[in-house]
Amino acid sequence: MARIEDQASLGLAEAELTQAAARRLDRAFRGGAAVFSILMLLVVWELIARSGRVTMFMLPPFTVVAKYIFNDAVSGVLWTNLAVTLYRAMVGFFIAAIGGILLATLMSRVRLIRWFFDPIISVGFPMPKIAFLPVIILWLGVYDVSKICIVVFDSIFPVLTATLAGIATVEKELLWSARNMGANERELTWQVILPAASPQILTGLQVALPIALIVEIVAEMVMGGYGLGGAMMTASRFANSAGVFAGLVEIAVVGFVLIKAMAMLRRRLLVWHQEAAEPTTT
Amino acid sequence: MKSALLRYLPLLLLALLWEALARSNIVDSLALPPLSKVAVAWVGLIRDGDLVDNGAVSLYRLYAGLGLAIVIGGGLGIAMARWRTLDVFVNPLVQLFYPLPKSALIPVTVIWLGFGDGSKILLIFLGCMIPVTIGAYNGARGSEQVLVWSARSMGASRLRMMWDVVMPSALPELLNGIRTALALAFILMVSSELIAAQQGFGYLIGYLGSTGAYEAMYAVVLTVALLGFANDRIYQALMQWLLRWRE
């Protein structure tokens, strides 16, 4: 009898092993396909650019663009522009994140504040706030302050709505038991409500981050000056299309790295929660 | 009625505060013209036809780009969800372009298609396609395999099954993706017109700003903002109507 059971469990273990192997194989296959697709994209780009059907101005070959980026990296221009863009986008994003969470918390606790800001948020959220850019330039000029301001103005709304929604869905039982155990209002907010709302808050931040980047790039393009977007605009003015495509690649890499980092941060911060995975739609 | 008034009272208060600030000498009335003068300028712009002409151009670009993105992006998303080979090879590209700050495409589309409608439509199409594709993909992947099998066993053709089974179950997520795309379309429309255009809302804002006609500039800014808001509200109502069978 014992031998049969042994064999049965052995068979089961074997089946599990092959399943795990199949999954690993599938993942390896998908990874390989991903690398293949991206390489193919670059090869097709290069081939079309060199085929003579399009001019160098319309589409400079990838190798030319890569060399342009390399030269910028060696001369240091790339790092200056990168630092300026990241500085403004990140300062704006953090102000929007902290300000949004604080204001939403205040709104959930003080009825007068809630009454005042509720209609402003519901009307302001779907507005294309980038249209206010010339107004902000009129008030604050074309330097860092106005760029950071438009980033904050645009990216604070998703943080606000997500935090409000998160706070609204905190389970009543949690609040009751915390109060029962003698938590005061401040402890309730910082130790119960905000942690319980953190999955939604992080979703809000994940929506706000790409908006901050999009708006920062537009602000640089409109106002000019340093920064990856500003450099792209300068290149475009001088009909330097290698410079324009180099800017596109650089900005794409920045966006990719920041947004992946944000998703990783979410997984780290929410290991204790079943919603650690990324939201399925954005 | 009274509760709605109470609810939107803060907006009225803001408008009054604006008027009062502008009329007092605390802020420069050039930088912040009174709201009443902005309203007068708005009527003037409507009379000239400036606002209507440029607005029509902008909205044409917006809806053309968004429409293309919905048809092509939605089709691609559903095809990716149903056809594994396509998924394996195209999904990495979607993931690659998803985090791209779409405004970086503005100078590139200008290089390709110039300053007119074409470059704006292409930009809005490219920018909006990714959220629509991802929405359709997630939605169609969630459609229950059992339903697909039973439809096929009852003799539904491939196309018929797509339309009757996969589309309805993909609809909620697809519609959510389109809502994101609608907001993005407004951002890209205004930005690209601010940066490189000879027509449209964004161009008009930039032009009026550069000639110092700030009252008129404010009028156009507010018009665009309210149009964005109204479009979202109308779309939400449409979404609810399309999903009314779900209860």
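The values are calculated or read from the model by the stated rules, or taken from the named source; none is laboratory data. As the structure is a prediction and not an experimental result, all values here were calculated from the model. Here Cβ is always computed from backbone atoms with ideal geometry, including for glycine, and neighbour counts include all displayed protein chains.
Checking each residue in the range B:204-216 for being in a helix (DSSP H, G or I), more than 7 Å from every other protein chain (Cβ to nearest Cβ) and without any contact (Cβ under 8 Å) to a residue 60 or more places away in the chain picks out B:TYR207, B:LEU208, B:SER210.
Of all the residues in the range A:158-173, those that are part of a helix (DSSP H, G or I) and touching a helix residue (DSSP H, G or I) at 6+ places or on another chain (Cβ under 6 Å) number 9. The residues in the range A:142-172 that are more than 30 Å from A:ARG109 (Cα to Cα) and within 11 Å of chain B (Cβ to nearest Cβ) can be counted, and the count is 0.
Taken together, the criteria place B:LEU21 among residues that are within 14 Å of chain A (Cβ to nearest Cβ) and more than 21 Å from B:THR223 (Cβ to Cβ). Answer with yes or no whether B:ALA219 is buried (at least 21 other Cβ atoms within 10 Å of the Cβ), more than 8 Å from every other protein chain (Cβ to nearest Cβ), part of a helix (DSSP H, G or I) and among the small types (Gly, Ala, Ser). Taking the combined requirement at face value, the residue satisfies it. For A:ALA239, the test of being among the small types (Gly, Ala, Ser), surrounded by fewer than 22 Cβ atoms within 10 Å (Cβ to Cβ), modelled with pLDDT under 95 and touching a Leu at 6+ places or on another chain (Cβ under 7 Å) is failed. Which residue out of A:GLY182, A:GLY166, A:GLY255, A:GLY225 is closer than 21 Å to B:LEU184 by Cα and not acidic (Asp, Glu)? Just one listed residue meets the conditions, A:GLY255. Note on the range A:210-236: residues that are surrounded by fewer than 24 Cβ atoms within 10 Å (Cβ to Cβ) and either more than 9 Å from chain B (Cβ to nearest Cβ) or modelled with pLDDT under 90 (or both) total 6.
For the range B:35-88, the set of residues classified as of a type in the set (Lys, Arg) and loosely packed, with under 15 Cβ neighbours inside 10 Å consists of B:ARG47, B:ARG84, listed by residue number. Considering the range A:117-133, the residues that are crowded, with 20+ Cβ neighbours inside 10 Å and either free of Cβ contacts under 8 Å to residues at least 24 places away in the same chain or more than 9 Å from chain B (Cβ to nearest Cβ) (or both) include one that is nearest to B:TYR214 (Cα to Cα), namely A:PHE132.
Scanning the range B:222-247 for residues that are under 30 Å from B:PRO168 (Cα atoms), part of a helix (DSSP H, G or I) and in contact with a helix residue (DSSP H, G or I) (Cβ under 7 Å, 6 or more places away or on another chain) gives B:GLY228, B:PHE229, B:ASN231, B:ASP232, B:TYR235, B:MET239, B:LEU242. Looking at the structure I just gave you, is A:VAL257 of a type outside the set (Phe, Trp, Tyr), surrounded by fewer than 20 Cβ atoms within 10 Å (Cβ to Cβ) and within 13 Å of chain B (Cβ to nearest Cβ)? In short, yes.
Okay, residues lined up against (1) within 25 Å of A:VAL218 (Cβ to Cβ); (2) modelled with pLDDT of 95 or more; (3) within 14 Å of another protein chain (Cβ to nearest Cβ):
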residue: B:ASP28; (1), (2), (3): no, no, yes
residue: B:LEU32; (1), (2), (3): yes, no, yes
residue: B:LEU35; (1), (2), (3): no, no, yes
residue: B:ASP48; (1), (2), (3): no, no, no
residue: B:VAL57; (1), (2), (3): yes, yes, no
residue: B:ALA69; (1), (2), (3): yes, yes, no
residue: B:THR85; (1), (2), (3): no, no, yes
residue: B:LEU96; (1), (2), (3): yes, no, yes
residue: B:ILE111; (1), (2), (3): yes, no, yes
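On the stretch given as the range B:125-164, residues that are of a type in the set (A, V, I, L, M) and more than 14 Å from B:ARG179 (Cα to Cα) total 11. Against the list (1) at pLDDT below 95; (2) in contact with a helix residue (DSSP H, G or I) (Cβ under 9 Å, 6 or more places away or on another chain); (3) more than 26 Å from B:ALA185 (Cβ to Cβ), the condition A:MET264 fails is (2). In this structure, A:ILE137 does not satisfy being under 23 Å from the mean Cα position of the chain (by Cα) and assigned to a helix (DSSP H, G or I). Just one of the listed residues (B:TYR207, B:TYR235) is more than 20 Å from B:VAL94 (Cβ to Cβ) and under 13 Å from the mean Cα position of the chain (by Cα), and it is B:TYR235.
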